[in-house]
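The values are calculated or read from the model by the stated rules, or taken from the named source; none is laboratory data. Because the structure is a prediction, the values reported are computed rather than measured. No Cβ is skipped: glycine too gets one built from the backbone with ideal geometry, and neighbour counts run over all protein chains shown. The protein model used for the area step is the full one, side chains on, heavy atoms only, and it has no ligands, DNA or RNA in it. Shrake-Rupley method; radii C 1.70, N 1.55, O 1.52, S 1.80 Å.
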Amino acid sequence: MAQLIWFRSDLRIADHLPLTLARQSGEPVYGVFVVTPAQWQQHNVGLPKRDFWARSLIALRAKLASKGIQLAVLSADTFAQVPSVLMAFAKDIGCSRILWHREYGWDERQRDSAVCEASRRAGIATEVCEDRCLVMPESVLTGGGTPYKVFSAFKRNWLAQLADQWRTPAPAIRKSGEVVEQLPSQWQSEIAGFYRDGEDPKQVQALATLWPVGEAEASRRLQHFLSEHVRAYGEARDFPARPGTSQLSPYLSIGSISARQCAAGWLAAAEGDWHDPQLQVWLNELAWRDFYHYVMWHFPKVSRNQPFVDKTRAVAWRHAPDDFDAWCRGDTGIPLVDAAMRQLLATGWMHNRLRMVAAMFLTKNLLIDWRKGEAFFMERLVDADFAANNGGWQWSASTGTDAAPYFRVFNPVSQSQRFDPEGAFIRQWVPELAHLTNKQIHMPTADQRGDYSAPLVDLKFSRQRAIEAFASLS
Ligand code: FAD
């Protein structure tokens, strides 16, 4: 008999409980990943993320092979076909147990229940482990047993439980036990399914240089951040021109590194003090990450294209395709917003402060439905993650849990003056404005713009229009 690890967004061999458990069985271990092109299309998973996922999978396959584990890459159009595809493979290798890490999205939950059911019918055991969240969503509840809707209250309870139940990450598995040298020949691995018809990995070649894959790279980034930046993070994290954040999000999104490994590194830097005031700010980000998975788990409506706050379903979003296209291209005439969007298009990543600025500009100043921006980010981000992206968009659009109050609309010019005071970030991404002075660059006058576009909207008027659109909801 054999053990089968079903890899999904956990592409690593360290801190991987399913691998550790499978190895303990003494049976040969196989890995499997199921590519689901049509499902990913429905979920708007774009080329940057799929390419990063594919490259990471190739790195994982080599690593697993060096430990005597073969990884098969199978294809099933949508999640609905995953159970039959998995079962065919499981039966062929004589599988006694399938192990995987739990996922929280609505469709993922349906898929996993169907796999459990199919396994039960086939007489195959299943084992589900936890790694996405540092604290399991069902264990963080109010005194009344209901889920929190406010981050600060969630965070207090979350931190108490994290500290209380802390366990250090498991080391990487070694080459031991029964080694599998080759997959049965009919199961040749196929990564072509990561790419849509007409797509070519060469289209995102630049991203491969910016985002090298693998566990070693993720650990290197973590160590570098912890030794060079974590102490100054609280003060530096809002300035997009500074290298103040970890840039670990792509690696966390596909699990080349686990949140537990990040928290363990943080705890060592904090010398074991969960409440270290200076370092707390970064742990807070890991808490936000858990919080948005938590929201997705407890409130599945957010996975079904619905706002968290029901009454905001009635917001009269504008149908303005030309404005939307200008925002997507980074051509709104608002320098910081355009710099942010161009950073996204060129690198597959955007600084957190700018994600908020760009999202608020789209949903408030342009009054365009947050779901359009959410989908565009999913298509373009190398770190695309449904929970964080949906949470970030709903926060910015004032439709989500613990969202920005609708009357607090970021002014992109003040944000620019405050967080890019010398215009260094704007100069990098909007070079046509590079010659302007530090004062002019945040909002040039018509005669200073040259070829650069005029603003799409008047900021004062559009802010008021957004406030009225929300105020009229009963
Ligand atoms: P750091 O500042 O070093 O933070 C460490 C880690 O904590 C991040 O890698 C990330 O995993 C997590 N994290 C940090 N901030 C948040 C947050 N606000 N919410 C949830 N997790 C957080 N993050 C994604 O990973 N994928 C997305 O698709 C995504 N879309 C977003 C869309 C909008 C509109 C907004 C406002 C935020 C979005 N975020 C998303 C959250 C955040 O912007 C990124 O996680 C962060 O910029 C990644 O950079 P970093 O790795 O340097 O983060």
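In region 269-286, is there at least one residue being of a type in the set (S, T, N, Q) and within 15 Å of the ligand (Cβ to nearest atom)? Yes; the residues of region 269-286 include at least one that is of a type in the set (S, T, N, Q) and within 15 Å of the ligand (Cβ to nearest atom).
When residue 162 is tested against (1) touching a residue at least 40 places away in the same chain (Cβ under 8 Å); (2) more than 21 Å from residue 253 (Cβ to Cβ), only condition (2) is not met.
Count of region 246-268 residues, restricted to those that are open to solvent by 10 Å² or more (accessible area, probe 1.4 Å), near the ligand (Cβ under 10 Å from one of its atoms) and either more than 15 Å from residue 348 (Cβ to Cβ) or assigned to a loop (DSSP other than H, G, I, E, B) (or both), is 2. For region 328-340, the criterion of being farther than 30 Å from residue 244 by Cα, in contact (Cβ under 8 Å) with a residue 24 or more places away in the chain and within 14 Å of the ligand (Cβ to nearest atom) is satisfied by no residue at all. Within region 371-418, the residues that satisfy the criterion of being open to solvent by less than 10 Å² (accessible area, probe 1.4 Å), among the hydrophobic types (A, V, I, L, M, F, W, C) and free of Cβ contacts under 8 Å to residues at least 60 places away in the same chain are 377, 393, 404. For region 369-474, the helices (runs of 4 or more DSSP H) that sit wholly inside it and include 3 or more residues that are touching a His at 6+ places or on another chain (Cβ under 7 Å) and within 22 Å of residue 343 (Cβ to Cβ) are 412-419. Pairing each residue of region 138-151 that is among the β-branched types (Val, Ile, Thr) with any residue that is modelled with pLDDT under 95 and open to solvent by 50 Å² or more (accessible area, probe 1.4 Å), provided the two are 6+ apart or on different chains, yields C-beta distances under 6 Å for 150/402.
Is there any pair linking a residue in region 288-306 that is closer than 17 Å to residue 130 by Cβ and hydroxyl-bearing (Ser, Thr, Tyr) to one that is modelled with pLDDT of 95 or more and more than 10 Å from the ligand (Cβ to nearest atom), with Cβ under 6 Å and at least six apart or on different chains, and which? Cβ pairs passing all conditions: 294/137.
Each row is one residue, and each column tells you yes or no for (1) of a type in the set (S, T, N, Q); (2) within 27 Å of residue 410 (Cβ to Cβ).
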{"residue": "200", "(1), (2)": "no, no"}
{"residue": "219", "(1), (2)": "yes, no"}
{"residue": "223", "(1), (2)": "yes, no"}
{"residue": "231", "(1), (2)": "no, no"}
{"residue": "237", "(1), (2)": "no, yes"}
{"residue": "242", "(1), (2)": "no, yes"}
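For region 299-328, the set of residues classified as of a type in the set (D, E, K, R) and either over 30 Å from residue 149 (Cα atoms) or open to solvent by less than 40 Å² (accessible area, probe 1.4 Å) (or both) consists of 322, 323, 325, listed by residue number. If only residues of region 351-368 that are more than 10 Å from the ligand (Cβ to nearest atom) and not in a helix (DSSP H, G or I) are counted, the one that is farthest from residue 466 (Cα to Cα) is 368. Of all residues in region 196-227, those that are in a loop (DSSP other than H, G, I, E, B), open to solvent by 30 Å² or more (accessible area, probe 1.4 Å) and hydrophobic (A, V, I, L, M, F, W, C) total 1. Within region 1-36, the set of residues being in a loop (DSSP other than H, G, I, E, B) and among the polar types (S, T, N, Q) comprises 9, 25, 36. If the condition is being closer than 17 Å to residue 331 by Cβ and exposed (fewer than 14 other Cβ atoms within 10 Å of the Cβ), then region 435-457 contributes 446, 450, 451, 454. Flag not set for residue 342, criterion: among the basic types (Lys, Arg) and assigned to a loop (DSSP other than H, G, I, E, B).
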